[in-house]
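The values are calculated or read from the model by the stated rules, or taken from the named source; none is laboratory data. All values derive from a computational prediction rather than experimental measurement. Because the Cβ atoms are built from the backbone with ideal geometry, glycine has one as well, and the counts that use them run over all protein chains shown. Please note that ligands, DNA and RNA were not included when accessible areas were found on the heavy atoms of the full protein model with its side chains. Shrake-Rupley method; radii C 1.70, N 1.55, O 1.52, S 1.80 Å.
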Amino acid sequence: MKTRRQVLIIFLACITVTALVAGVNYFANPFGAFAKDTWYSYAMTRNPRTAKISYLQKHHEDYNAYVLGSSGSSALVKETLDQATGEKFYNLFYYGADMKDVLDTAKYIVNNYEVKEIVLPITFSFAEEYDTGEDDIHYMMKPEVTGKSKTSFYTKYLFADPLYVNDM
């Protein structure tokens with residue numbers, strides 16, 4: 001009887017810790033993975049692929065033109081593009097992006113939002129990479145963009161190292 005009780009206590013402790021980690025990661029949302037009001041600009045420093053799509057899902061009506069590409073695209077100033085074209089740009093650059101990231105993002109925005117223009121700055125180093133992978137939690141694309149498993153994606157963020165929340 002005593003052993004059963006100890007096993008039950010250990011089991012309940014494990015469940016409690018697991019639920020606590022998931023709850024903290026969900027409510028703090030340090031990567032902007034969960035589509036809710038969050039500090040998007042901070043989450044974009046953690047994983048711009050995830051945070052920018054989460055932001056766009058809530059604010060897509062504010063934009064009709066997009067800049068896609070790797071970090072070299074970050075130099076394009078939204079206000080200058082808006083003024084030059086008369087459109088409303090959103091810069092969807094991702095650091096470390098490859099051509100597959102851009103292709104997936106382009107398909108996603110064209111299929112889900114009003115798109116009048118897409119600017120795609122391409123450098124040689126950017127063009128030579130296709131599907132370099134997204135094993136690191138800082139480089140994962142949202143499943144709405146990639147078509148991959150939502151369960152797998154959100155599970156990785158729910159059970160991410162709680163120290164990510166500590167850095168906020």
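Taking the numbered list (1) within 30 Å of THR16 (Cα to Cα); (2) in contact with a helix residue (DSSP H, G or I) (Cβ under 7 Å, 6 or more places away or on another chain); (3) surrounded by fewer than 17 Cβ atoms within 10 Å (Cβ to Cβ) in turn, LYS148 passes all entries but (2). Condition check for THR3 on (1) modelled with pLDDT under 90; (2) open to solvent by 20 Å² or more (accessible area, probe 1.4 Å); (3) under 20 Å from the mean Cα position of the chain (by Cα); (4) of a type in the set (S, T, N, Q): one failure, at (3). If I filter segment 84-96 down to residues being open to solvent by 10 Å² or more (accessible area, probe 1.4 Å) and in contact (Cβ under 8 Å) with a residue 40 or more places away in the chain, which single residue comes out as nearest to ASN64 (Cα to Cα)? In this case the residue turns out to be PHE93.
In segment 81-103, the qualifying residues are those that are in a helix (DSSP H, G or I) and touching a strand residue (DSSP E or B) at 6+ places or on another chain (Cβ under 6 Å), and the one that is nearest to TYR139 (Cα to Cα) is VAL102. The lone criterion from (1) under 22 Å from THR45 (Cβ atoms); (2) in contact (Cβ under 8 Å) with a residue 40 or more places away in the chain left unmet by VAL119 is number (1).
I'd like to check something: does segment 18-26 contain any residue that is open to solvent by less than 30 Å² (accessible area, probe 1.4 Å), part of a helix (DSSP H, G or I), under 18 Å from HIS138 (Cβ atoms) and at pLDDT below 85? Checked against the condition, which is being open to solvent by less than 30 Å² (accessible area, probe 1.4 Å), part of a helix (DSSP H, G or I), under 18 Å from HIS138 (Cβ atoms) and at pLDDT below 85, segment 18-26 yields no hits at all. Among the criteria (1) free of Cβ contacts under 8 Å to residues at least 12 places away in the same chain; (2) closer than 21 Å to LEU68 by Cα; (3) open to solvent by less than 70 Å² (accessible area, probe 1.4 Å), the one THR155 does not fulfil is (2).
Of the residues ASP135, ASP131, ASP98, ASP167, which is at pLDDT below 90, at positive phi and of a type in the set (D, E, K, R)?
Being at pLDDT below 90, at positive phi and of a type in the set (D, E, K, R) holds for just one of ASP135, ASP131, ASP98, ASP167, which is ASP131.
Considering segment 126-145, and only residues there that are in contact (Cβ under 8 Å) with a residue 40 or more places away in the chain and in a helix (DSSP H, G or I), the residue that is farthest from THR155 (Cα to Cα) turns out to be PHE126. Once segment 63-80 is narrowed to residues that are surrounded by 20 or more Cβ atoms within 10 Å (Cβ to Cβ) and not in a strand (DSSP E or B), the residue that is modelled with the highest pLDDT is TYR63.
The conditions of being in contact (Cβ under 8 Å) with a residue 40 or more places away in the chain and part of a loop (DSSP other than H, G, I, E, B) are not met by TYR108.
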